[in-house]
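Enquirer: First, the structure itself, so that you have it in front of you.
The values are calculated or read from the model by the stated rules, or taken from the named source; none is laboratory data. Bear in mind the structure is a predicted one, so any value in this text is a computation, not a measurement. Note: ideal-geometry Cβ built from the backbone for every residue, glycine included; neighbour counts use all protein chains shown.
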Amino acid sequence: MDFHTEIDQLRRELERAGYEYYVLDKPTMSDYDYDHKLRRLEELEQAHPETVTPDSPTQRVGGQALSSFEPVRHRVPLESLQDVFDFDEVRAFDQRVQSAVAGAVYVVEPKVDGLSVALEYENGLFVRGATRGDGQVGEDVTANLRTVRSIPLRVDGAPEHLIVRGEVFMPKKVFHALNDERERRGEALFANPRNAAAGSLRQQDARIAAQRKLDILVFNVQWSDGAAFQTHEETLEYLAQKGFKVIPHQLCTTMDQVIGAITQIGEERDRFSFDIDGAVVKVNDLSQRAVLGSTAKFPRWAAAYKYPPEVKPSRLTDIVVQVGRTGVLTPKAVLEPVRLAGTTVTSATLHNQDFISDKDIRIGDTVLVRKAGEIIPEVLSVVLDKRPADSRPYFLPKTCPVCGAPVERDEDGAHMRCTGAECPAQLLRNLTHFASRDAMDIDGLGVAVVENLVNAGLVKTPGDLYFLKEEDVAGLDRMGKKSAQNLMAAIRRSKDQDLARLIYAFGIRQVGQKAGKILAARFQTMEALEHATLEELTAVNDVGGITARSILTWLESPQSRHLIARLRQAGVNMTAAEQGSDQRFAGMTFVLTGGLEQFTRDQAAAMIEDRGGKSAGSVSKKTTYVVAGEGAGSKLKKALDLGIPVLTEQEFLDLMK
C-alpha cells in the first residue's frame, strides 16, 4: 500500500470513529486503536507534508497561540430571541403568528446555555467559525472550533457554500471535572458551564481549548447555495445526515402540544448532558418565517421560553464548614430534603461570613431555597416569622476545623482562610504546587501521582516526599520499578534547588516567584528569613505590609516550623545561590509589552533578573526601559507620554552583549 492510499484510509477510519464517538455516542473503535491510527497518520503526514489538508484529523489542535481574534461580519445575522416567561405569553406569541400566517405549526427545542457560533464551509471543507458577537459582527475562533470533535471538518456532498449555526457548550461532567482540577491547583473556579465554555472558546492557545472538551449542538442552516428546504425540521434532518450533531426537537401541531413539550423539557432537564436555560419555540414552515420577518431585535417566528426558578422553603438544620484545597473556609447549609428543578436538594452553599451576616442566617431557620442558574442550590432569604426563639447569629470558627491552625480573613476579599502549612485539607494542592516546575521542579510528580501517594498514606506533608522509599512508590497503582526510580531521582535532585524556589514552593500567600527571588537575595538563608522582623521584611523592595504580615504569620505557625525542620532533616538546600557577577541592570526596571518573537515574556524577565534588574507589570516614572513587541498598546503609549526610552527586541538583545 502506498502512502497516499494509507493516508486516505486512515483519515476515513478516524473520521468515522470520531463521528460515532462524538456525535452518535456509539463508539466502535477502542481509544487505543484510535490513538495508534492517529499517531501513524501524524507520522505519514510529517514524512509527506505536502499531503496535509485542513480537514485531516491531525489538524484538530493548532500549535501556535493567537495574539488576537479577527472580526468576522456574518453573511446572515445571528439574531437573538424574544423571551417569554409564562404560558400566557406563549399563547400570545402564537396568536401573533397565526394572525399573520394561519395554520402555523412549531418545532420545540431545548435552549442550550452556551455560546452561539456560525460554522462556514466551502466546497465541503470547514474554513471558518465565528462567535455571535453582536449578531452582525463576531470573532474568528476557527482554530478553537477545530478542537470540538463533534464539528465535522469535511461535509461530503455539501453545497459550494454552507453556513450553519449551533451552540457550543461544556458538558456537565467536563465542567465539574475541570472545576475539581482548578480547585486542586488553587485556581479560580468557573461559575457555571457557560462561563467555562466562553473562557475556553476564547483561549489564545487552541491546545488549551482542546483540553476543555467542548461540544456543540447545531440547530439552523444559515446559508446554503443550491439546497432548498421547506421546513425547519427538514433542515435538521439534512444536518444530521451530513454528520452534524443536531439539537433534539419535537414537532407540535397545537398549542397544547407546544406547552406539553416545554413542560417535558423542563421536567427532564437533568437527563441532558448540557445545561439549558429555557425552551425555544420556532415556526416550522420556512416560507411562513419569510412572511413573518424580524423586528429590529428579534425574529417574529420564534420565542424563547425561560423557566422560572423554583423557590421552596426548607429548614436549615445545621451549618458545616468545609476547607477547600486552597485553604478557604466555605460554610454549607444542611437542609431538610426539598425537591428543586428535578433533583432533591439537601444542602446549599452559604458562600462566606458576609453572606451569612447580611441575610442573618441561623441554624434552625426556615429558609427559601432555589437553584442558581439551574445548577447550584442557594439560600435566598430567611422566613423570619418561623425563626426559633432561642436562635443565635452564626459566625465561622476562628481556627481551621480540619487542622486547628488560625484562620485569617483575606485582606482584599470576603474569604476566611486556613494558615496551616500542613493542613490535610490542602494537602493535594500544597504538594502539587511544591513539586511544580517553577517551585521545586520534581519531574514526574504530577496530580495523579500526588493523589496516589496521599491515598496510600505515604505522604502527609511536602517534607514526607524526601523520606519516601523506592519500594513503597513502586507498589503504587500504575507506577512500577522504573517509574519509581525516576521519581526518587527527581526528588533527590530537588534537594539542591535554590532557596528562592523553596520559598515560592511553600505557597505562602502573596509570595510568588518574584518575591521568592527577592527574599532569597536579601536574606540569603532560610534561618535569616525565619528571624526576620516586620520592619526588615517591609524594607525589602516590592514587599509591602500585607505580604510581610503574611510571611510572618506563616513562619510563626507550628505547622510551618515543623515543615521547615523536616526539610532540614532531609538535607534540602536552604541557602541562596551566589549572585551572578553580571549586575549590569542593577537598579533598573523594565516593562515588557506586546508580542515578542524571539523569546517569551517570562524568558525576558529571567534575563533581566539574572543581570540584577527588575521586571515590572506597569509603566511608571521609575521605569528605566520599555521593551515593546508587535501590537504594543497602552503601556507603550504611557511610556511615550512619560518620555521613557522604548527598546525593540533587537535593541534589548544588544544590551545583553
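Enquirer: All but one of (1) surrounded by fewer than 15 Cβ atoms within 10 Å (Cβ to Cβ); (2) assigned to a loop (DSSP other than H, G, I, E, B) hold for Gly260, so report the exception by its number.
Expert: (2)
Enquirer: Of Ala425, Ala435, Ala490, Ala505, which residue is under 30 Å from Ile356 (Cα atoms) and in contact (Cβ under 8 Å) with a residue 24 or more places away in the chain?
Expert: The unique qualifying residue is Ala425.
Enquirer: Within region 608-626, take every residue that is at pLDDT below 85 and in contact with a Gly (Cβ under 9 Å, 6 or more places away or on another chain) and give me the one that is nearest to Lys514 (Cα to Cα).
Expert: Going through the qualifying residues, I end up with Lys614.
Enquirer: Still on this model: Being over 30 Å from Glu408 (Cβ atoms) and in a helix (DSSP H, G or I) is true for just one of Asp496, Asp472. Which residue is that?
Expert: Testing whether each residue is over 30 Å from Glu408 (Cβ atoms) and in a helix (DSSP H, G or I) leaves just Asp472.
Enquirer: Filter region 630-657 down to the residues that are part of a loop (DSSP other than H, G, I, E, B) and either modelled with pLDDT under 85 or over 22 Å from Lys514 (Cβ atoms) (or both) and list them by number.
Expert: Listed by number, the residues that qualify are Gly631, Ala632, Gly633, Gly643, Pro645, Thr648, Lys657.
Enquirer: Scan region 148-166 residue by residue and report those that are of a type in the set (D, E, K, R), out of contact with any helix residue (DSSP H, G or I) (no Cβ under 9 Å at 6 or more places or on another chain) and either in a strand (DSSP E or B) or without any contact (Cβ under 8 Å) to a residue 24 or more places away in the chain (or both).
Expert: Selection gives Arg165 alone.
Enquirer: Then there's this: Of all residues in region 134-147 being surrounded by fewer than 17 Cβ atoms within 10 Å (Cβ to Cβ) and assigned to a loop (DSSP other than H, G, I, E, B), which is farthest from the chain's Cα centre (by Cα)?
Expert: Only one residue tops the list, namely Gln136.
Enquirer: Something else now. Kindly check whether there is at least one residue in region 181-198 that is assigned to a helix (DSSP H, G or I), free of Cβ contacts under 8 Å to residues at least 40 places away in the same chain and either closer than 23 Å to Arg128 by Cβ or acidic (Asp, Glu) (or both).
Expert: The answer is no, given that none of the residues of region 181-198 is assigned to a helix (DSSP H, G or I), free of Cβ contacts under 8 Å to residues at least 40 places away in the same chain and either closer than 23 Å to Arg128 by Cβ or acidic (Asp, Glu) (or both).
Enquirer: Now for a separate question. Please work out which one of (1) over 30 Å from Gly327 (Cα atoms); (2) β-branched (Val, Ile, Thr); (3) in contact with a Phe, Trp or Tyr (Cβ under 7 Å, 6 or more places away or on another chain) is the condition Val572 fails and give its number.
Expert: Going through (1) over 30 Å from Gly327 (Cα atoms); (2) β-branched (Val, Ile, Thr); (3) in contact with a Phe, Trp or Tyr (Cβ under 7 Å, 6 or more places away or on another chain) one by one, Val572 breaks only (1).
Enquirer: May I pose another question? Determine, yes or no, whether Val291 is surrounded by fewer than 18 Cβ atoms within 10 Å (Cβ to Cβ) and more than 22 Å from Ser116 (Cβ to Cβ).
Expert: Taking the combined requirement at face value, the residue satisfies it.
Enquirer: If you don't mind, another one. I need every pair where a residue in region 38-61 that is among the aliphatic types (A, V, I, L, M) has its Cβ under 9 Å from the Cβ of a residue that is assigned to a loop (DSSP other than H, G, I, E, B), sequence separation at least 6 or different chains.
Expert: As it stands, the answer is Leu41/Ser56; Val61/Arg146; Val61/Thr147, since those pairs meet every condition given.
Enquirer: If you go through region 590-629 one residue at a time, how many are small (Gly, Ala, Ser) and under 20 Å from Asp438 (Cα atoms)?
Expert: Residues that pass the stated criteria total 8.
Enquirer: Continuing with this model, one more query. Please specify each residue of region 478-493 satisfying the condition of being assigned to a helix (DSSP H, G or I) and among the charged types (D, E, K, R).
Expert: Answer for region 478-493, where residues must be assigned to a helix (DSSP H, G or I) and among the charged types (D, E, K, R): Lys481, Lys482, Arg492, Arg493.
Enquirer: Let me ask you something else. Any residue that is part of a helix (DSSP H, G or I) and under 19 Å from Val112 (Cβ atoms) - is there at least one of those in region 205-216?
Expert: Yes, the conditions are met somewhere in region 205-216.
Enquirer: Can you tell me which residue within region 611-657, out of those that are touching a residue at least 12 places away in the same chain (Cβ under 8 Å) and at positive phi, is surrounded by the most Cβ atoms within 10 Å (Cβ to Cβ)?
Expert: For region 611-657, the residue satisfying everything is Gly612.
Enquirer: Run Arg601 past the list (1) without any contact (Cβ under 8 Å) to a residue 40 or more places away in the chain; (2) exposed (fewer than 15 other Cβ atoms within 10 Å of the Cβ); (3) charged (D, E, K, R) and report the number of the one that doesn't hold.
Expert: (2)
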